[in-house]
Each structure stands twice: as C-alpha cells, then as structure tokens.
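Here is the structure we will look at, set down as structure tokens.
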Amino acid sequence: MQMLQLEVLTPSGLIYSGAAKSVTLPGEEGEFGILPEHVSLTTLLKAGVVDIQKENGKTESIVVNWGVVQINQNKVVVLVDGAVAIRGDNESDIAKALDEAKSLINSVADSNAMIASVSARIESAAHHLV
C-alpha cells in the first residue's frame, strides 16, 4: 500500500513526521483531502484541523492557525505559524492539548462562526482519543 510522507513544521520545530494513508487539510477555499500520488500543489491554509489517517486506521488531529502546504506526489509538507497536536497519554494531557488548541484558534479567529466550527472539530477529535 502506498503511503504519504507527512511533515508538519512550525517556527518552533517539527510537530509531526510520519507515514499516512491520507491527510485532510483546512484550505482557504475549504477542506480538501490528499491521497498518495496527488498532483503537485502549493496552497494556503486557514485555521482549522489537519486530520491524519495513519496506516493502522487511527486518525490523529493537529490544530493549526494558518500557513501553507506543499504537496509533491507522496510527500506533504505543512508549514504553519502555530500548531497543537491533539494527543496525550491520559485525559489530563488531552485536556491540556485541547485548551492549547482552543487558545491557538482564538488568537487568530476573525469570526465566531469559524471559532465554533473549529472548536466542534477539536472536541470531536478528542472524543476519538478517550
């Protein structure tokens, strides 16, 4: 099975690096999905959730504020100003990640509708972990 190689980078460093079956990204014109052998593309990202479907079928979510993605066949590089991975070893770690993600989104939000939409996606991602 072909896989994507995904990297999520911020000015603070690498947030994620690994293989993925697919990636869903929050594009300027709406969410879009990437599968292996995707056509080369560079586009802007808005605040939202990056969903990563891993080889084992599980989904990992990373909240991003804004940035750009570069796609080249089986490599996806996400460069963002800020990102928070929604993961943890226990409920306390996950709750902390959720609070950080909400703060990140609130810091760049320009509309209440966008905050509500991303907050709902963050909560949904957290329920898959617990």
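So, R0 is 30 Å and r is the distance between the beta-carbons of residue 56 and residue 7; what FRET efficiency does that work out to, to 0.05? Mind showing how you got there, number by number?
Values: r = 19 Å, r/R0 = 0.64.
About 0.95, to the nearest 0.05.
For a paramagnetic label modelled on residue 100 (point 7 Å from Cα along Cα→Cβ), amide N atoms under 20 Å away belong, within the stretch 9-25, to 9-18. Relative to the current alpha-carbon distance between residue 70 and residue 14, full extension at 0.36 nm per residue lengthens the span by 18.6 nm. Taking label positions 7 Å along the Cα-Cβ direction at both residue 92 and residue 29, the computed distance is 4.7 nm, reported to one decimal.
Sequence neighbours fewer than 8 away in the same chain don't count; with that in mind, list the lysines whose C-alpha is under 17 Å from residue 46. Cα-Cα hits under 17 Å: 102.
Computed from the coordinates by the stated procedures, all read-outs in this text should not be read as laboratory data. If you're wondering where the values come from, they're calculated on a predicted model, not measured in any experiment. Every residue, glycine among them, receives a Cβ derived from its backbone with ideal geometry; neighbour counts consider all protein chains shown.
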